[in-house]
Amino acid sequence: MNRVRLQLPATSANLGPGFDTLALALNLFLEIEAGVADDFSIEATGRNAAICADLKNHLLIKTYRAVLAAQGKPATPLWLRMRNAIPLGMGLGSSAAACLAGVALAAHFGGLAWGASQIVAEAARLEGHPDNVAACWYGGFTVAGGGAAGVATASIAPPPEWKAIVVLPEKPVATHESRSVLPESYLRKDVVKNLQNAALLTAAFALARPDLVTRAMEDTLHQPYRMELCPLLPALLPLAGSNGVLSVTLSGAGPSVLLLCSGLKALEALRQEIAARAKAAGPVELIEAGLWSGTVATVVFGDLQ
């Protein structure tokens, strides 16, 4: 029951054609320290600190309690210290990080003896899709699939020179709202195009082929339907394929937009162009982030392996 420390990265899922399948870990972190206490308490700093410190309906604690209840274990109260750098509700995997933390803490303090694969599988079940949680735990460019046999994942270390710029609008969009605009069925040609591009994108990361990325990030399954909710995407799409910008995609379900970059030589000029193009969509914030290839399991984590 010793003290536990976690470091969970932000994630950007879908990456154009990889709907509910592909995701990328970024070096923006939710850092947590936890230990046994008489009552639950949270001390939070960083981005959205007031929300992170609010015990009412807290996703991490809610997940922690639910996992232990399902295993017939008591929910030992915890003190939590959190330092958050992941924007909430912006398509950067904040809920996946909190869900994974809740499952991992339940496994540790509940003595469940769960390994990484069980923690990821349970978090994917609770999230409803495996992409964000797989990238959050294993890092890198992650391919994930779920089914009757559980969650299967593979992680590829991205080329170190590839970087991300995340463009955040002023207001979040709830994932359920962003999913509600998607159709129930698709034309075969659109599905085939996405399958081709998802395979091509995986090869681009595995082989460090920036020349493949712009084409491979094209999507027909979710981004065209989400543009009205996420007006930053159509505003910034023309930047893809030039001046070091490899691709422009929604981050997760939006509303943030992810620019994957390599060989940028004029960052300030790009910042100015982003600001000019995004003006009609409202105020934006730019975050520069590296692509993270570490794993949660390598961080000091009590006696959990």
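The values are calculated or read from the model by the stated rules, or taken from the named source; none is laboratory data. From a predicted model like this one, the values you see are computed outputs, not experimental measurements. A quick note on method: Cβ atoms are made from the backbone with ideal geometry, for glycine too, and the neighbour counts reach across all protein chains shown. When the accessible area is computed, the model is the full protein with side chains, heavy atoms only, and any ligands, DNA or RNA have been set aside. Shrake-Rupley method; radii C 1.70, N 1.55, O 1.52, S 1.80 Å.
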Seminar exercise, completed: Screening Gly18, Gly35 for residues that are under 16 Å from the mean Cα position of the chain (by Cα), open to solvent by less than 10 Å² (accessible area, probe 1.4 Å) and not aromatic (Phe, Trp, Tyr) leaves only Gly18
Exercise. Considering Ala269, Ala199, Ala275, Ala280, which residue is within 21 Å of the chain's Cα centre (by Cα) and more than 22 Å from His176 (Cβ to Cβ)?
Worked result: Ala199
Exercise. What do you reckon, is Thr63 over 30 Å from Thr214 (Cα atoms), of a type in the set (Val, Ile, Thr) and touching a helix residue (DSSP H, G or I) at 6+ places or on another chain (Cβ under 6 Å)?
Worked result: yes
Exercise. Could you list, in sequence order, the residues of the range 223-241 that are surrounded by fewer than 22 Cβ atoms within 10 Å (Cβ to Cβ) and not in a helix (DSSP H, G or I)?
Worked result: Met227, Glu228, Leu229, Pro231, Ala240, Gly241
Exercise. Taking the condition of a type in the set (Phe, Trp, Tyr), within 27 Å of Asn48 (Cβ to Cβ) and either open to solvent by 30 Å² or more (accessible area, probe 1.4 Å) or not in a strand (DSSP E or B) (or both), does Trp114 pass?
Worked result: no
Problem set entry | Total residues in the range 73-95, condition under 21 Å from Gly290 (Cα atoms) and either in a loop (DSSP other than H, G, I, E, B) or open to solvent by 20 Å² or more (accessible area, probe 1.4 Å) (or both) | 12
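Looking only at the range 224-242, decide whether some residue is touching a residue at least 40 places away in the same chain (Cβ under 8 Å), on the phi > 0 side of the Ramachandran plot and out of contact with any strand residue (DSSP E or B) (no Cβ under 7 Å at 6 or more places or on another chain).
no
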Exercise. From the set of residues in the range 126-135 that are out of contact with any Gly (no Cβ under 6 Å at 6 or more places or on another chain) and part of a helix (DSSP H, G or I), which is nearest to Ala164 (Cα to Cα)?
Worked result: Ala135
Exercise. Residues that are modelled with pLDDT of 95 or more and surrounded by 14 or more Cβ atoms within 10 Å (Cβ to Cβ): which helices (runs of 4 or more DSSP H) entirely in the range 146-219 hold 1 or more of them?
Worked result: 188-207, 210-216
Exercise. Only one of Ala98, Ala44, Ala50, Ala69 is outside any loop (DSSP other than H, G, I, E, B), open to solvent by 10 Å² or more (accessible area, probe 1.4 Å), under 30 Å from Ile287 (Cα atoms) and without any contact (Cβ under 8 Å) to a residue 12 or more places away in the chain; which?
Worked result: Ala50
Exercise. For Ala123, are the conditions met, namely being part of a helix (DSSP H, G or I), open to solvent by less than 50 Å² (accessible area, probe 1.4 Å) and modelled with pLDDT of 95 or more?
Worked result: yes
Exercise. Can you name the residue in the range 53-66 that is in a helix (DSSP H, G or I) and aliphatic (A, V, I, L, M) and, of all such residues, is most open to solvent (accessible area, probe 1.4 Å)?
Worked result: Leu59
Problem set entry | Leading residue by the ranking (modelled with the highest pLDDT) among those in the range 265-305 that are open to solvent by 60 Å² or more (accessible area, probe 1.4 Å) and touching a Lys or Arg at 6+ places or on another chain (Cβ under 9 Å) | Glu288
